[in-house]
Every structure is written in structure tokens, then in C-alpha cells.
Amino acid sequence: LAILVGLLGRYVEDPQAIERTTGVPALRLEPGVPLLVAGRPLSNTLLLVPLDRGVSTAGVAERLVRTAMARGTQPMVLDLSGSSFGTPGTALTTDVSSTIHRLEQEHGMVIVRLPALAADETAAALNSERAVLLVAPAGRLERRVLVSAMQTLRRLDVPCAGVVVNRAGDAVVA
């Protein structure tokens, strides 16, 4: 029984479990519904950080762009999630923080797609004025991965706007 309970508690899947784990409100996003991020943003920048190597943030960025445009805001997507980014030993080719700062001055909303929480680009982009939106893989997510990411953000005093769990036709925003 203890082993069974331990296995069941190892993963999170639904919005309620994500909410209990992160302390961030959760809601289910239906197809065609705008992606709205809760809370009052400190800046007009949102950092999209995948929780797993195989997770793409492209769909989330696209949905955020559509929502921003519907609200009359001019969005800009900075994609730093390419395969060469975040690879150990790969030199940064741009000053990430300065680039984001310049885009913040020029656009109503800046969406930055980052490779991973432990990547150099992500470290350069993290700022207490910029919220992070974590993007999780479809299906079960290991609780320890989610908790570790949230603890890292809290230690760095970086606000977390939520968690988007990608699924076949929908997403869950926490």
C-alpha cells in the first residue's frame, strides 16, 4: 500500500494537483479560448520556459500573440529555444538581457521562448521584473521537477505566472 501511495504521489496531471503543488491558481484552457495570464504583470515581458527537453513553447507563444493582438497590443516573440541554445559549451552570440530590454522599449508585449531553466540564455533573461510561464509536457509530470523549478524561481525572486501543460488539443494554465 505504501509503494502504491508513493507511486501515485510522484506525478501531477490535473489542474487541481498542479495548483496544490505550485500554489498558483489553475484553469483549463479550451481550444479557441484566449490564453490569459493571471495577475498584474511587473513588465510587458513573459519568459516561456519548458520543464522538459522535448517540450515546445511555440504553441503557447502563438496563443499569447493572438491574445495580445486581440487586446490591441503589439507583441514580439524572441526565440532563444533553438537546438544550439542551452547546449553546454555553446557560446552566447547575443547579450540576452540587453536584447530583451531593447524589445521591451519597442513593443507592447515581449514573449521570450527559452531552452530550459538551467540554460545560460534563461539565466541571462531571468529578472525579478519579468514573469516566467513554465511549459510542461503532455501527460504526467514528475512532481519533483515542478517543485524544483518553482523553488529555483522563488530563490531567485522571479515571479511565476503559471504552468501550461500541453495536451493534444488543449492546455491547462496554472
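A short reminder: the numbers here are calculations on the coordinates, not readings from a lab. All values derive from a computational prediction rather than experimental measurement. Cβ placement follows ideal geometry from the backbone for every residue including glycine, while neighbour counts extend to all protein chains displayed.
Side notes on the structure shown:
- Separation of the Val147 and Met69 label points, Cα + 7 Å toward Cβ, nm: 4.2 nm
- Nonlocal amide H pairs with Ala131, under 5 Å, H built at 1.01 Å: Leu42, Ser43, Thr45, Leu47
- Segment 45-61 - phi-based ³J(HN,Hα) in whole Hz, Karplus 6.51/-1.76/1.60, Gly and Pro as x: 10, 10, 9, 9, 10, x, 8, 9, 4, x, 8, 9, 9, 4, x, 5, 4
- Surrounding net charge for Ala116, when Lys and Arg each add one and Asp and Glu each subtract one, Cβ distance under 12 Å: -1
- Counting charges near Leu78 (Lys, Arg +1; Asp, Glu -1) among other residues having Cβ under 13 Å from its Cβ returns a value of -2.
- Once backbone amide H atoms are built at 1.01 Å from N, Val164 has Leu134, Val135, Ala136, Ala174 as its partners under 5 Å, excluding neighbours fewer than 5 places away on the same chain.
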